[in-house]
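This report refers to the structure that appears directly beneath it.
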């Protein structure tokens, strides 16, 4: 990934974190990484652990985040989430996977869309 892509991703994660905090989400972890995959944000909201995949773009031209979270990505997120739950002693806690889509134009306010329960990974049911 280019430096521009890394900077955009980091700015998107910061914007998503502010957005979620303002809505009562408590941030538990950011960029949790395992050999199984990475979780952008791990939050707690109303008794549920929420794993948030953040998709940041500079323009609206890119596809919706759901289109970029294919079944292989879902499996990686699910494995990383299970590792996080075990490592942090939340093995039986309710959890879900959300997505936050952020468009960060060069000028103007960011446009943020929060998709609650964006997907249910195969094998999680």
How far is helix 3-22 tilted off the main Cα axis of the chain, in degrees rounded to 10, range 0 to 90? 70
Separation between the residue 33 and residue 18 pseudo-spin-labels, each 7 Å from Cα along Cα→Cβ, expressed in nm? 2.5
So what are segment 3-119's ellipsoid semi-axes, whole angstrom, largest first, if each one is the square root of 5 times an eigenvalue of the alpha-carbon gyration tensor? 24, 16, 13
Given contacts defined as C-alpha pairs under 8 Å and at least six residues apart, what's the relative contact order of segment 3-119, whole-number percent? 26
Can you tell me the orientation of helix 71-87 relative to the chain, as the angle in degrees between its alpha-carbon axis and the longest Cα principal axis, to the nearest 10? 60
Under the helix-only model (-39500 (n - 2.57) for each DSSP H run of 4 or more, divided by the residues of the chain), the mean residue ellipticity at 222 nm, to 500 deg cm²/dmol, is -10500 deg cm²/dmol
What ranking, highest mean first, results for peptides 6-16, 96-106 when packing means the other Cβ atoms within 10 Å averaged over each residue? 96-106, 6-16
Theoretical FRET efficiency, 1/(1+(r/R0)^6), r = Cβ-Cβ of residue 116 and residue 79, R0 22 Å, to 0.05: 0.50
Say each of residue 107 and residue 67 gets a label point 7 Å from the Cα, pointing the same way as Cα to Cβ; how far apart are those two points in nm? 2.8
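Computed from the coordinates by the stated procedures, all read-outs in this text should not be read as laboratory data. This structure is a prediction, so every number in the text was calculated from the model and none was measured. Positions of Cβ are backbone-derived with ideal geometry, glycine not excepted, and every protein chain shown enters the neighbour counts.
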